[in-house]
Amino acid sequence: MESLDQDLKSFTLTQDQFVGYDNQGWLSLEEPEGIPVPRNLRRIADDPNKMSTEHFILNLGPCHPSTHGVLREVVELDGENIKSSEAHVGYLHRGIEKLCENSPWTHLAPYMDRADYAGGIYSETALAHAVEELGEIEVPDRAHWLRALMGEVNRMASHFLWLGPLGLDSGAMAPFLYMIWDRETLLEVLESVTGGRLMFNYVRPGGVLNDITPDAEAKLRKWLDIADDRMQEHWDVLMASELFQQRVKGIGVVSHEMAMSMGATGFVGRASGIDWDLRRDRPYGPYSQLDFNVATATEGDIWARIMVRYDEMLNSINIMRQLLDGMPEGPHMAKMPRVLRLPKGEAYGLVEGCRGEIGAHIYSDGGTTPYRVRYRPPIQYHLAIADTVLPGQMLADAIVSLASFDFCFGEVDR
Amino acid sequence: MKLEKTHVNSVLDAAHVSVKSVNEDAHLGIVIRVEPDDVRATLSALRDGELKFEMLIDTFGADLSVYGDDADTETPIEVTYHLRSFVNDCDVRVKMRLPFEGVYHSVIDIFTSVLLPERELCEMFGLYLEDHPNPKRLITNPKFTTPLLKSVPIRGKEEVWNR
């Protein structure tokens, strides 16, 4: 920890002598020799003397509220205009993939919760899909429906935690307080079914932990009755505001080519014209029997991402109603051996998570623990996209741009 | 669309790419195994070919040095590229093997999405990252050894002493 001995003034100030308090030498001024450096990765502007103001490097984060987690975004400024940006991650690395290698197959769900901490149900489901694929485990219908139902509840809760703070970052305080009420209601439903508000440990290989209780179902139905009105209210409070629309229209544009070459899945891809939703195109669980729309846009700016996600939320409400009404009877857990052994091989489980395609690629060597678990983090790919679209924007727009990608750094660092 | 071996073979033949094998895995679908030198040609052929594997979904590694009967100590690091075609709705995986402390050549000029995952891959498995515009560690700091190698214990000496 010798790096902490250095003068911490340099961290809060903006000079480029700052080498990072974790001593990674990340801000070294040398560029690798002989390799063409893309513009967005270049540490120093071509000629600092050509800048209209002082050459200025600013560390956004790792504790800046707009980064929603622990991202250090190093931006190079000319006045208020961003010339280059580079994301530094790793502050939340816990070695989840390594820890998984020493746990039994059925004990991995808590690690998956901590990878994507705002949408834990989907991470757990992705891993459960992979394990069931490799072990050829038959899962009861009701378990699939419960997974989907709790997943949609979690998706709504996660989206509220994105839309509210997005308004906060663009200068609108009140919508956050409106939306956090809805999130709280949904978290109470999740809590009464799974036992946890954030770390669920609910989806297990072979089924789910608990059946839905009558209390939780009544509470969810009560919220669903007013959900459409609430969504209209959120629209009126935040998105109908012309001031807000001016802040987000035409900013942070991700082109279709960029989205395709940089691996944008989920809402980032759909906002840039990639018409792809795993719930519709690779249906798993009950989704092939449900009726829902997938919204796409072609603009690729922040407004398009908001529209795509707003539509996704309306569809989620619709899906939740269908799931509650059509829930099949039966057990919620398959008969599982006391110690689960998977045959040797590899499998991939995927799921349309809150932020994009969440995948779990597992290797088994025939034992009781995984040989290797790879968690496919959608946000890691979106982070590179955000890095690419920041140069050229104003600093105040960059805050909104970063917020619009809905980063969750437990997933990037694992 | 169900991807068949013949489809992949015809695309690879059209681009004159030599591969080690094209297999159909029971769970993963089509898996193409290639030599490290042929990876770039294979990925380009799959991206530009008839099947249009336009997006690279994921890149990751695995240390297969103690992988049961298939344990391989010569070239233990297996690197997997997971590609997807939206037009044809199918996935394919390209796999290659590297030795410990081998040189990993970036494919960033074919798929830009490997920008961050390649950095993570190389730091986690102790590979040398070449031809990458930003070849730094992504997640860990230099005091870390290569965490995901099987030779690295999950509990360090200090932690064992303190238990």
Legend entry - Shape of segment A:154-300, Cα gyration tensor, a/c cut at 1.5: oblate
Legend entry - Using alpha-carbon coordinates, inclination of helix B:39-48 to the longest axis of chain B, degrees: 40 degrees
Legend entry - Modelled FRET efficiency - R0 25 Å, B:F86 with B:K5, Cβ distances, 0.05 increments: 0.75
Legend entry - Cα point-scatterer Debye curve for segment A:119-160, base-10 log of I(q)/I(0) at q = 0.19, 0.21, 0.28 Å⁻¹: -0.58, -0.67, -0.97
Legend entry - Extension gain (nm, one decimal) between A:H107 and A:I317, 0.36 nm per residue minus Cα-Cα: 72.5 nm
Inset, instruction - Please report, as a whole percent, how much of the solvent-accessible surface of chain B comes from carbon and sulfur atoms (probe radius 1.4 Å). - result: 49 percent
Inset, instruction - Between the chain alone and the structure with every protein chain in place, find the residues of segment A:322-357 that drop at least 50 Å² of accessible area; heavy atoms, 1.4 Å probe. - result: A:K344, A:E346, A:Y348
Inset, instruction - Find out how many positive minus negative residues lie around A:A297, taking Lys and Arg as positive, Asp and Glu as negative, among other residues whose Cβ is under 14 Å from that of A:A297. - result: -2
Inset, instruction - Considering Cα pairs under 8 angstrom that are at least six residues apart, work out the relative contact order of segment A:278-414 and quote it in whole percent. - result: 17 percent
Legend entry - Accessible area per residue in Å² at 1.4 Å probe, computed on the protein assembly as shown: 39 Å²
Inset, instruction - Return P(r) of segment A:219-334 (all Cα-Cα pairs; 10 Å bins starting at 0; whole %; ordered from short to long distances). - result: 13, 34, 32, 17, 4, 0
Inset, instruction - Order the following by accessible area, largest value first: A:H88, A:H107, A:H332. Probe radius 1.4 Å; ligands, DNA and RNA are ignored. - result: A:H107, A:H332, A:H88
Inset, instruction - Could you work out, residue by residue across A:86-92, how many beta carbons of other chains sit within 10 Å of that residue's beta carbon, and then give the average as an integer? - result: 3
Inset, instruction - Can you figure out the FRET efficiency of A:Q246 with A:T298, using R₀ = 22 Å and their beta-carbon distance, to the nearest 0.05? - result: 0.60
Inset, instruction - Please work out how much accessible surface A:K249 shows to a 1.4 Å probe, ignoring ligands, DNA and RNA, in Å² rounded to 10. - result: 100 Å²
Inset, instruction - Could you run the numbers on buried accessible area between B and A, total for both chains, 1.4 angstrom probe, in Å² to the nearest 100? - result: 4700 Å²
Legend entry - Value at 222 nm in deg cm²/dmol, rounded to 500, when DSSP H runs of n ≥ 4 in the protein assembly as shown each add -39,500 (n - 2.57): -11500 deg cm²/dmol
Inset, instruction - Only counting protein heavy atoms at a 1.4 Å probe, give the residues of segment A:364-387, ordered by number, whose accessible area falls by 20 Å² or more when the other protein chains are present relative to the chain alone. - result: A:D365, A:Y371, A:R372, A:R374, A:R376, A:Q380, A:Y381, A:A384
Legend entry - Accessible carbon and sulfur surface of segment A:269-332 relative to its total accessible area, %, 1.4 Å: 44 percent
Inset, instruction - For segment A:113-165, with all protein chains present and a 1.4 Å probe, just round the carbon and sulfur fraction of the accessible area to a whole percent. - result: 43 percent
Inset, instruction - Equivalent ellipsoid semi-axes for chain B, as square roots of 5 times the alpha carbon gyration tensor eigenvalues: give them largest first, rounded to whole Å. - result: 31, 18, 14
Inset, instruction - Give me a single rounded figure for B:52-58: the average over its residues of other chain Cβ atoms within 10 Å of their Cβ. - result: 6
Legend entry - Whole-number percent relative contact order across chain B, with pairs defined as alpha carbons under 8 Å at least 6 apart: 18 percent
Inset, instruction - May I ask you to list the lysines whose Cα is less than 30 Å away from that of B:K136, ignoring any residue fewer than eight positions away on the same chain? - result: A:K9, A:K50, A:K83, A:K98, B:K95, B:K150, B:K157
Legend entry - Equivalent ellipsoid semi-axes - Cα gyration tensor, the protein assembly as shown, angstrom: 34, 33, 24
Inset, instruction - For segment A:238-332, state which GluC sites (Glu not before Pro) are in a DSSP loop and have at most 13 other beta carbons lying within 10 Å of their beta carbon. - result: A:E329
Legend entry - Peptide A:291-302, shielding by other chains (average Cβ, 10 Å cutoff): 0
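The values are calculated or read from the model by the stated rules, or taken from the named source; none is laboratory data. Note that the coordinates shown come from a computational prediction; the quantities given were computed from them, not determined experimentally. All Cβ positions, even for glycine, are placed from backbone atoms using ideal geometry, and neighbour counts span all protein chains on display. Heads up: the accessible areas ignore ligands, DNA and RNA and are worked out on the full protein's heavy atoms, side chains in. Shrake-Rupley method; radii C 1.70, N 1.55, O 1.52, S 1.80 Å.
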